[in-house]
Amino acid sequence: MKFTFVTLFQNIVEGYFNDSILKRAIEKEILNISYADPRDFSSNKHNKVDDTAVGGGAGMVMNPQPLYDCLEYLKKQDEDIHIVFLTPVAKQFKQLDAKRLAKKSHIAFVSGRYEGIDERVVESYADEVFSIGDYILTGGELPSLVICDAVSRNVAGVLGNSESLEVESFETSLLEAPSFSKPANYREKQVPKEYLKGNHSKIRTLKIALSECKTNFFRPEQFIKHNCTRAVGFVSSKTKR
């Protein structure tokens, strides 16, 4: 799978792929990372990519010409490219999106800077627009990396053990149960005793209970969703009888 980062600051992005799981995936040629700098497509003699906002307002806006030409070039190179813009004024990225996007062959992440990107570029080229949360960052590079990481983990072969995906938070309506490592007793704090007895059925039951407690505390809206789903499943099973 290929990812292209459309960014003015390649150095911010590329260091993330120098270690750990994604580095190994690149070395195995499961993932391919490339970059496109809108400055390289600017028709301005000083390679400017921003200008004042029409209608007034503070700050500068990324103007359309460099991005238009940059994205048009990428589309000519690969007609199957899926172009994603990162902005706080969009739907929030979810795990289901990560799993769906992992089936694409090539995704381009367009990272805005300054006060944002000229909306005409978004309207012309965006296949999807995502936000990673209700807060403002200085640019779209971090959101691009967040989504790239989440998508990559769902690409076959990237994780050493694909079963890891099955028990993680947001694969169901529950958050993941607490994790513990050895030793079982550390600084007089012990792991749950049931974890040590080897009864996998009871361990699974306990983990579900702990997941419910954690979800109810941290994400009550998810807990309500879980209870609703469970109730529907219970009614359906009774109906089938």
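The values are calculated or read from the model by the stated rules, or taken from the named source; none is laboratory data. Since the structure is predicted, the reported quantities are computational estimates derived from the model, not experimental observations. Note that we place each Cβ from the backbone using ideal geometry, even for glycine, and neighbour counts take in every protein chain shown.
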Six or more apart or on different chains, Cβ under 8 Å: which pairs go from a residue in segment 83-94 that's within 9 Å of Ser131 (Cα to Cα) to one that's charged (D, E, K, R) and buried (at least 21 other Cβ atoms within 10 Å of the Cβ)? Could you list them?
-> none
Can you name the number of the only condition in (1) at pLDDT below 95; (2) under 29 Å from Asn154 (Cβ atoms) that Ile33 fails?
-> (1)
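If you go through segment 1-20 one residue at a time, how many are touching a helix residue (DSSP H, G or I) at 6+ places or on another chain (Cβ under 8 Å) and not in a loop (DSSP other than H, G, I, E, B)?
Step one: list which residues in segment 1-20 are touching a helix residue (DSSP H, G or I) at 6+ places or on another chain (Cβ under 8 Å), which gives 1, 3-9, 12-13, 16-17.
Now restrict to residues that are not in a loop (DSSP other than H, G, I, E, B): 3-6, 12-13, 16-17.
The number of residues fulfilling the criteria is 8.
Quick check on Val151: is it at pLDDT 85 or above, assigned to a helix (DSSP H, G or I) and within 24 Å of the chain's Cα centre (by Cα)? Talk me through it step by step, then tell me what you get.
On the way: at pLDDT 85 or above: yes; assigned to a helix (DSSP H, G or I): yes; within 24 Å of the chain's Cα centre (by Cα): yes.
Spelling it out, Val151 is indeed at pLDDT 85 or above, assigned to a helix (DSSP H, G or I) and within 24 Å of the chain's Cα centre (by Cα).
Select from segment 80-105 the residues that are in a helix (DSSP H, G or I) and surrounded by 22 or more Cβ atoms within 10 Å (Cβ to Cβ) and list them in ascending order.
First, pick out the residues of segment 80-105 that are in a helix (DSSP H, G or I): 95-101.
The one that is in a helix (DSSP H, G or I) and surrounded by 22 or more Cβ atoms within 10 Å (Cβ to Cβ): Leu101.
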When only residues in segment 198-241 that are among the charged types (D, E, K, R), modelled with pLDDT of 85 or more and farther than 10 Å from Leu174 by Cα count, which is surrounded by the most Cβ atoms within 10 Å (Cβ to Cβ)?
-> Lys207
Looking at this structure, is Ala156 at pLDDT 90 or above and part of a helix (DSSP H, G or I)?
-> no
Give the number of residues within segment 106-139 that are in a loop (DSSP other than H, G, I, E, B) and hydroxyl-bearing (Ser, Thr, Tyr).
-> 3
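Identify, please: which residue in segment 159-185 is at pLDDT below 75 and touching an Asp or Glu at 6+ places or on another chain (Cβ under 9 Å) and is, among those, farthest from Lys225 (Cα to Cα)?
Filtering segment 159-185 for residues at pLDDT below 75 gives 160-173.
Narrowing further to those that are touching an Asp or Glu at 6+ places or on another chain (Cβ under 9 Å): 165, 167-170.
Working: Leu165: 21, Val167: 18, Glu168: 17, Ser169: 14, Phe170: 12 Å.
So, considering only residues that are at pLDDT below 75 and touching an Asp or Glu at 6+ places or on another chain (Cβ under 9 Å), the one farthest from Lys225 (Cα to Cα) is Leu165.
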